[in-house]
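The values are calculated or read from the model by the stated rules, or taken from the named source; none is laboratory data. Values in this document were obtained by computation on a predicted structure and should not be read as measured data. Virtual Cβ from ideal backbone geometry, glycine too; neighbours counted across all protein chains shown. The protein model used for the area step is the full one, side chains on, heavy atoms only, and it has no ligands, DNA or RNA in it. Shrake-Rupley method; radii C 1.70, N 1.55, O 1.52, S 1.80 Å.
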Amino acid sequence: MTIDSLFEQLKHPNPNLRERAMRELADVRDENTISRLMGILDDEDVTYRRAAVKALGAIGPDAVPSLVESLLSSDNATIRGSCAKALAQVAANHPEVPFPSDGLQGLKTALNDPHPVVYIASVMALGEIGSPAFEILAEALRTTDNVAVAVAIVNALGSMGDIRGVEVLTALTNDESADSYVRESAVSALPRLDQVINYSKRVN
């Protein structure tokens, strides 16, 4: 299939055909593929937009510089949110590759984005990256005034399986000055983190 027909297939109603097109685009991409996919990130068609996000994730680290640039400079919150989601897809699709440091720094900056879609997606992306993003999340948890960001970070730490999260979450549950909703989230995240850590010990 030509690259043009693969792009057309990203709109296909059949999710299996869309998935195949994403993978093929990642394999046969040319020097314009990433910029063309970036151009779809504000498309009215949600299916097409999500397919572009996933295709960028399938391409992997090569897509990170373009994603970070738009994440930090676009004036369109839909595009910024899509970039954060695509960075999460890069981490999910390529766990064997160290996540690029410019991607980590971009997501760290985006935690202060004014738009909920963007900062929540950025927290989730950092959670998907896992241990390399731990310090960024722990620091943001200490410094943010945004309760929604704090709760999202607590949930990310609870799912990440990093043993350092136990100390951070335990301290939060005992912090009388912390927001009550954030504390409650930490209380429920701790047993989940415990399960994840124990599970990964058994698997490994």
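Name every residue in the stretch 149-182 that is more than 25 Å from residue 107 (Cβ to Cβ) and in contact with a Ser or Thr (Cβ under 7 Å, 6 or more places away or on another chain), in order of residue number.
None - no residue of the stretch 149-182 is more than 25 Å from residue 107 (Cβ to Cβ) and in contact with a Ser or Thr (Cβ under 7 Å, 6 or more places away or on another chain), so the list stays empty.
Can you spot a residue in the stretch 127-145 that is within 22 Å of residue 199 (Cβ to Cβ), in contact with a Leu (Cβ under 6 Å, 6 or more places away or on another chain), in a helix (DSSP H, G or I) and not basic (Lys, Arg)?
Looking through the stretch 127-145, at least one residue is within 22 Å of residue 199 (Cβ to Cβ), in contact with a Leu (Cβ under 6 Å, 6 or more places away or on another chain), in a helix (DSSP H, G or I) and not basic (Lys, Arg).
Quick check on this structure: which one of 126, 157, 137 is within 24 Å of residue 83 (Cα to Cα) and free of Cβ contacts under 8 Å to residues at least 24 places away in the same chain? Break it down into steps so the answer makes sense when it comes.
On the way: 126 fails: free of Cβ contacts under 8 Å to residues at least 24 places away in the same chain; 157 fails: free of Cβ contacts under 8 Å to residues at least 24 places away in the same chain.
Testing whether each residue is within 24 Å of residue 83 (Cα to Cα) and free of Cβ contacts under 8 Å to residues at least 24 places away in the same chain leaves just 137.
Which residue, of 115, 94, is loosely packed, with under 15 Cβ neighbours inside 10 Å, modelled with pLDDT of 95 or more and either among the polar types (S, T, N, Q) or under 30 Å from residue 142 (Cβ atoms) (or both)?
Of the residues listed, the single one that is loosely packed, with under 15 Cβ neighbours inside 10 Å, modelled with pLDDT of 95 or more and either among the polar types (S, T, N, Q) or under 30 Å from residue 142 (Cβ atoms) (or both) is 115.
For the stretch 189-202, indicate whether the set of residues that are of a type in the set (S, T, N, Q), under 19 Å from residue 92 (Cα atoms) and open to solvent by less than 50 Å² (accessible area, probe 1.4 Å) is non-empty. Let's see the steps before the verdict.
Narrowing the stretch 189-202 to residues of a type in the set (S, T, N, Q): 195, 198, 200.
Checking the rest, the ones that are also under 19 Å from residue 92 (Cα atoms) come to 200.
Still in the running and open to solvent by less than 50 Å² (accessible area, probe 1.4 Å): 200.
There is at least one residue in the stretch 189-202 that is of a type in the set (S, T, N, Q), under 19 Å from residue 92 (Cα atoms) and open to solvent by less than 50 Å² (accessible area, probe 1.4 Å).
Determine whether residue 62 is among the acidic types (Asp, Glu), modelled with pLDDT of 95 or more and open to solvent by 40 Å² or more (accessible area, probe 1.4 Å).
yes
Within the stretch 168-184, is there a residue that is touching a Leu at 6+ places or on another chain (Cβ under 8 Å) and of a type in the set (Lys, Arg)?
Yes, the stretch 168-184 has at least one match.
Cβ contacts < 7 Å: first residue of a type in the set (Val, Ile, Thr), restricted to the stretch 86-115; second residue assigned to a loop (DSSP other than H, G, I, E, B), any location; separation 6+ or different chain. Result?
Listed pairs, sorted by first residue: 90/60; 97/60.
Residues 112, 155: which one is outside any helix (DSSP H, G or I) and within 16 Å of the chain's Cα centre (by Cα)? Show your work before the answer.
On the way: 155 fails: outside any helix (DSSP H, G or I).
Result: 112 is the single residue among 112, 155 that is outside any helix (DSSP H, G or I) and within 16 Å of the chain's Cα centre (by Cα).
Which pairs have Cβ atoms under 6 Å, sit 6 or more apart or on different chains, and link a residue in the stretch 1-24 that is free of Cβ contacts under 8 Å to residues at least 40 places away in the same chain and surrounded by 13 or more Cβ atoms within 10 Å (Cβ to Cβ) to one that is assigned to a helix (DSSP H, G or I) and charged (D, E, K, R)?
6/24; 12/18; 22/54
Mind checking which residues of the stretch 65-91 are surrounded by 15 or more Cβ atoms within 10 Å (Cβ to Cβ) and over 14 Å from the mean Cα position of the chain (by Cα)?
So the first thing to find is which residues in the stretch 65-91 are surrounded by 15 or more Cβ atoms within 10 Å (Cβ to Cβ), and the list is 66-68, 70-72, 74, 77-91.
Result: 66, 70, 72, 74, 77, 78.
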